[in-house]
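Working notes, structure below.
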Amino acid sequence: MTTKLVSTLSPQPIKRSINQLAIFGGQPALKEKLHVGRPNIGNRERLIRRFNDLLDRRWLTNDGPYIYELERQIAELVGVKHCIGICNATIALEITIRALGLTGEVIVPSFTFIATAHALQWQEITPVFCDIDPQTHNLDPRKVEALITPRTSGIIGVHVWGRGCNVEALSEIAERRKLKLIFDAAHAFGCSYQGQMIGNFGHAEIFSFHATKFFNTFEGGAIVTNDDELMAKIRLMKNFGFSSGYDNVIYIGTNGKMSEISAAMGLTNLESLDEFIATNYQNYKQYQAELQGLPGVKFITYNEQEKNNYQYVVLEIDEQITGIHRDQLVQVLHAENVLARRYFYPGCHRMEPYRSYFPHSGLLLPETEKLVQRVILLPTGTAVGAEEISKIAHLIRFVLAHDRQIGKKLSCNNHPKIPSLLGESEWYAASLVEGQLS
Ligand code: T4K
């Protein structure tokens, strides 16, 4: 049935037999590697003008004019009282966690980028991993309450893929149990939840402006909050605790400052924000149209009543129906130069140091365990064109149409795994065999 779909959708199918797949020796469908997370870059002339300005000014960091302007524009866009630009979202999380006085245990999803958990453990606070709602991929509030102990001081929700957490339920629990509530909004810049811009919830929210995010400042992030006192504390903490005047340290602090060159990139990219979102939206709709109706493939959708940045194109592959495991599909795609990703495989609880600390935590995370085996992210953003999306969609359809043959051939021939797909322990073992590690 799926074979038919391949031929009807493409008058010239790029692969006619499975032997033409690059993994079995054929030519890759794409000449160049196509990454998930290729940066979007705004107007170069304006960017270079800003670089020249800041060089002429010889003001490279520490409260320069660009960072203040970026903070002002972000606060306005989000409709939040305060925005503090930070060197990256990981440090932003660490500072916020410390500024809010979190201690003991904090409840977080395991289905997130490792930075969410590390920002806690770095300060010797235990991340207590909570399961997710399989529909939303976000923290399941019904499961949060059961994990609260006398040591719990807070909850960190993550708006995964930019789709808002269940903010009301988490806020209600946090208020009733007297816990601090932070949102890791690394994916959710420019997104809304129930009509309100993300950035206005909990005690504070954190954005990431890393190069791979749809809006980037090379490296960067921001803390946004409506709390004046918290803002004042964070401003001190991100600059070693320095207050006004020279030599005046009045609080514990670190170096969390965003540089002027990052802020210049941010100001330039903000001017193209609508264009980036429009491209992401177009790509998302094309993928959705070209991948519709594939049994066992769930295309993650965004509520179009909300504001979304559409920076992630996400599929869930159900091996029971497709007949091929997500990892095999990823392996085939990588050989074709489509570097699809498995965020957030294998889940924070299966990464160090957490897997050593809590070897059985997976037992409490059945939905996370299932999801990390299924999710695949496809390339999007301004570096990806319609023709490439069509090729990727054709490849996926082709693979699913020949699922059993490909699966069999992959396991029989003992095809070398693609290094980027090796788990840490497999990589370590392979390196030992190859004599690269002693
Ligand atoms: N919380 C959440 C929920 C997050 O997702 C993240 C970051 C954070 C917190 C922490 O934010 P930051 O401290 O980073 O601001 C990437 C990013 O490094 C990371 O920022 C991001 N989440 C995470 C989801 O993805 P990797 O390990 O996948 O990055 P990497 O180097 O493999 O880059 C992805 C692809 O992008 C590469 O295949 C190549 C391409 N790329 C990358 C860079 C840096 C480019 O084409 N150009 C580039 O300049 O983690």
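We did not get these values from a lab; they are worked out from the coordinates using the rules stated. What you are looking at is a predicted structure, and each value in this text was computed from that prediction instead of being measured. Cβ sites come from the backbone with ideal geometry, for glycine too, and all protein chains shown count toward neighbours.
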Could you check residue 168 against (1) closer than 30 Å to residue 281 by Cβ; (2) surrounded by 21 or more Cβ atoms within 10 Å (Cβ to Cβ) and say which number it fails? (2)
For residue 58, all conditions in the list (1) out of contact with any Lys or Arg (no Cβ under 8 Å at 6 or more places or on another chain); (2) on the phi < 0 side of the Ramachandran plot hold save one; what is the number of the exception? (2)
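Condition check ((1) outside any strand (DSSP E or B); (2) within 16 Å of the ligand (Cβ to nearest atom); (3) within 12 Å of residue 110 (Cα to Cα)) across all residues:
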| position | (1), (2), (3) |
| --- | --- |
| 328 | yes, no, no |
| 332 | yes, no, no |
| 352 | yes, yes, no |
| 363 | yes, no, no |
| 377 | no, yes, no |
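Is segment 373-384 home to any residue that is surrounded by fewer than 17 Cβ atoms within 10 Å (Cβ to Cβ) and under 24 Å from the mean Cα position of the chain (by Cα)?
Initial filter on segment 373-384 (surrounded by fewer than 17 Cβ atoms within 10 Å (Cβ to Cβ)): 383.
Okay, now just the ones that are also under 24 Å from the mean Cα position of the chain (by Cα), so 383.
Yes, there is a match, as at least one residue in segment 373-384 is surrounded by fewer than 17 Cβ atoms within 10 Å (Cβ to Cβ) and under 24 Å from the mean Cα position of the chain (by Cα).
Being in a loop (DSSP other than H, G, I, E, B), of a type in the set (A, V, I, L, M, F, W, C) and within 13 Å of the ligand (Cβ to nearest atom) is the filter; apply it to segment 111-129 and report the residue that is surrounded by the fewest Cβ atoms within 10 Å (Cβ to Cβ). Lay out the reasoning, then the answer.
Applying the first criterion (in a loop (DSSP other than H, G, I, E, B)) to segment 111-129 yields 111-113, 122-125.
Restricting the remaining residues to those that are of a type in the set (A, V, I, L, M, F, W, C) gives 111, 113, 122, 125.
Adding the requirement that they be within 13 Å of the ligand (Cβ to nearest atom) leaves 111, 113, 122.
Values: 111: 29, 113: 19, 122: 15.
For segment 111-129, the residue satisfying everything is 122.
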Of 285, 298, 233, which residue is surrounded by fewer than 18 Cβ atoms within 10 Å (Cβ to Cβ) and part of a helix (DSSP H, G or I)? 285
Screening 253, 199, 266 for residues that are within 14 Å of the ligand (Cβ to nearest atom), small (Gly, Ala, Ser), surrounded by 16 or more Cβ atoms within 10 Å (Cβ to Cβ) and closer than 20 Å to residue 96 by Cβ leaves only 266
Could you pull out the residue among 96, 61 that is within 16 Å of the ligand (Cβ to nearest atom), of a type in the set (Ser, Thr, Tyr) and touching a strand residue (DSSP E or B) at 6+ places or on another chain (Cβ under 9 Å)? 96
For segment 61-110 the number of residues that are assigned to a helix (DSSP H, G or I) and farther than 30 Å from residue 349 by Cα is 14
Taking first residues from segment 130-151 that are crowded, with 16+ Cβ neighbours inside 10 Å and second residues anywhere that are in a helix (DSSP H, G or I) and among the aromatic types (Phe, Trp, Tyr), the pairs with Cβ under 8 Å that are 6 or more apart or on different chains are 137/161
Residues (without any contact (Cβ under 8 Å) to a residue 40 or more places away in the chain and either within 20 Å of residue 61 (Cα to Cα) or within 16 Å of the ligand (Cβ to nearest atom) (or both)) located in segment 206-250: 232, 236, 240, 241, 242, 243, 244, 245, 246, 247, 248, 249
With respect to residue 388, determine if the residue is touching a residue at least 60 places away in the same chain (Cβ under 8 Å) and acidic (Asp, Glu). yes
Search segment 12-60 for residues being part of a loop (DSSP other than H, G, I, E, B) and among the basic types (Lys, Arg), and hand back the single one that is surrounded by the fewest Cβ atoms within 10 Å (Cβ to Cβ). 58
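Consider residue 175 carefully, then state whether it is more than 15 Å from the ligand (Cβ to nearest atom) and either of a type in the set (D, E, K, R) or under 13 Å from the mean Cα position of the chain (by Cα) (or both). Please lay out each step first, then the result.
Details: more than 15 Å from the ligand (Cβ to nearest atom): yes; either of a type in the set (D, E, K, R) or under 13 Å from the mean Cα position of the chain (by Cα) (or both): yes.
The answer is yes for residue 175.
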